Amino acid sequence: MTIYTLPDTKAFESCLNNKNTHLLTLANRAGMQIALSDYGARLVSVLVPNRHGDLVDVVLGFDSIDAYRNAQEQYHGATIGRFANRIAAGHFYLGEASFPLVQNNAENSLHGGPEGFHRKVWDRQVSLKKQVDFYYVSPDGEEGFPGTLNTCVSYELTNENEIKIHFRATTDKTTVVNLTNHAYFNLNGEGNGDILNHFIEIPSTHFIPINDKQIPTGELLPVEDTAFDFREAKKIAQGINTPVDQIHYATGYDHGFVNESPISSPAAAAYSEESGILLEVFTDQPSIHLYTGNFLADDQGKSGNRYLKHGGFCFEAQHYPDSPNQPHFPTVILNPGEELKQTIIYKFSIKK
Ligand code: BGC
């Protein structure tokens, strides 16, 4: 059995772009521990008790800053910005003004571009060993996006085994913003096989179909009688090999679900019979994006095991992909004088 511990803080102490990097840790009274890095304002480790009370690290990641820098998969645990998921053809308009973006996913822009928020060293502040606040000022025009974006992401670990993530942002020019957290979870422990035997429950009645370039078609389709119906918990394995274009385009699930749950009830949940660990996600965001790690390819993780296809899944609470080009989707426009505020809560417990 793997004994999971937090990574060595020294392996995260470096200097990138004239800024020092660190590993920050939080612990609660229930014994849960998390580690965060200011490189990408990211979750590095999440140690939660399984049904036997043993701590399991349920988040994929690496044990040094260099491993994060060099990994094929760059988004592990990171804060994603300025725009989570894809913007078609790396381009959008605001009124008459045209904004070409850096294209890093064929012709699309993915997750804010190659030098998105996941690659930045954020300033940080730790309060009462309970909360870490990360700050980043994204300059006007960064990766093609207009406006200076002042961003704050705070992580709080509660005694109820919740990680509460609050995002805030303001701008000095009208812009588009879509922030999320990109933690990959494996509730059997990172590096411990794939997640196909996890149960997923998502109350959404509609999902956001994509085309062969993984851009939303613009429709919202009913989940009823499709592989996207998770209104009753079912194993990922049950639907992931359904021979339909939607699954084929992404070689698995990589789709937004329309979230109509208030923040007081879960927008999505996952459960592993093996560990007994239940993860529930609460959010005020209009969508939960289920991504089943379809493109994970062989990075060596914290425990020394390799992260293969479906080695982890993400529940990315966010706005709909490509919203800047799809005016009927909920707006992602942020104007000067407004403050963007959003919340994602990951809550862990043992399923009764
Ligand atoms: C996207 C995937 C993408 C992955 C990269 C996910 O959020 O939906 O399509 O390949 O991020 O890690």
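The values are calculated or read from the model by the stated rules, or taken from the named source; none is laboratory data. For clarity, every value in this text was computed on a predicted model and none was experimentally measured. Please note: Cβ atoms are built from the backbone with ideal geometry, for glycine as well, and neighbour counts cover all protein chains shown. In case anyone asks, the SASA skips ligands and DNA or RNA and just uses the protein heavy atoms, side chains included. Shrake-Rupley method; radii C 1.70, N 1.55, O 1.52, S 1.80 Å.
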| Name the pairs whose Cβ atoms lie under 9 Å apart, with the first residue in segment 65-77 and of a type in the set (A, V, I, L, M, F, W, C), the second at pLDDT 95 or above and in a helix (DSSP H, G or I), and 6 or more positions between them or separate chains? | I65/A11; I65/F12; A67/A11
| For F92: the one exception among (1) in contact (Cβ under 8 Å) with a residue 60 or more places away in the chain; (2) not in a strand (DSSP E or B) | (2)
| query | When only residues in segment 89-116 that are over 30 Å from L24 (Cα atoms) and buried (at least 23 other Cβ atoms within 10 Å of the Cβ) count, which is nearest to the ligand (Cβ to nearest atom)? | reply | S109
| task | Kindly provide the set of residues from segment 165-201 that are crowded, with 20+ Cβ neighbours inside 10 Å and either without any contact (Cβ under 8 Å) to a residue 40 or more places away in the chain or among the β-branched types (V, I, T) (or both), ordered by number. | result | I165, T171, T175, V176, V177, T180, I195, I200
| remark: Residues in segment 131-145 that are open to solvent by 10 Å² or more (accessible area, probe 1.4 Å) and assigned to a loop (DSSP other than H, G, I, E, B) total 3
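For every residue, the table says whether it meets (1) surrounded by fewer than 18 Cβ atoms within 10 Å (Cβ to Cβ); (2) more than 30 Å from I350 (Cβ to Cβ); (3) not acidic (D, E).
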{"residue": "I34", "(1), (2), (3)": "no, no, yes"}
{"residue": "L55", "(1), (2), (3)": "no, no, yes"}
{"residue": "D63", "(1), (2), (3)": "no, no, no"}
{"residue": "Y68", "(1), (2), (3)": "no, yes, yes"}
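This table checks each residue for (1) part of a loop (DSSP other than H, G, I, E, B); (2) farther than 22 Å from L60 by Cα; (3) at pLDDT 95 or above.
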site: N150; (1), (2), (3): no, yes, yes
site: V153; (1), (2), (3): no, no, yes
site: E156; (1), (2), (3): no, no, yes
site: N159; (1), (2), (3): yes, yes, yes
site: K164; (1), (2), (3): no, no, yes
site: K173; (1), (2), (3): yes, yes, yes
site: L187; (1), (2), (3): yes, no, yes
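Give segment 121-130 a look and list any residue that's part of a loop (DSSP other than H, G, I, E, B), surrounded by 12 or more Cβ atoms within 10 Å (Cβ to Cβ) and more than 20 Å from the chain's Cα centre (by Cα), or say none.
Taking segment 121-130 first, the residues part of a loop (DSSP other than H, G, I, E, B) are 122, 128-130.
Cutting the leftovers down to surrounded by 12 or more Cβ atoms within 10 Å (Cβ to Cβ) gives us 122, 129-130.
Hits for segment 121-130 are K129, K130.
Take the conditions touching a helix residue (DSSP H, G or I) at 6+ places or on another chain (Cβ under 6 Å) and not charged (D, E, K, R) and apply them to S98. Does it pass? Even if it seems obvious, please write down each step before you answer.
Working: touching a helix residue (DSSP H, G or I) at 6+ places or on another chain (Cβ under 6 Å): no; not charged (D, E, K, R): yes.
For S98, the condition - touching a helix residue (DSSP H, G or I) at 6+ places or on another chain (Cβ under 6 Å) and not charged (D, E, K, R) - is not met.
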| request: Report, by residue number, each residue of segment 182-199 that is of a type in the set (A, V, I, L, M) and under 14 Å from E316 (Cα atoms). | output: A183
| request: Scan segment 315-352 for residues that are away from the ligand (no atom under 14 Å from the Cβ), in a loop (DSSP other than H, G, I, E, B) and surrounded by 22 or more Cβ atoms within 10 Å (Cβ to Cβ) and jot them down. | output: V332
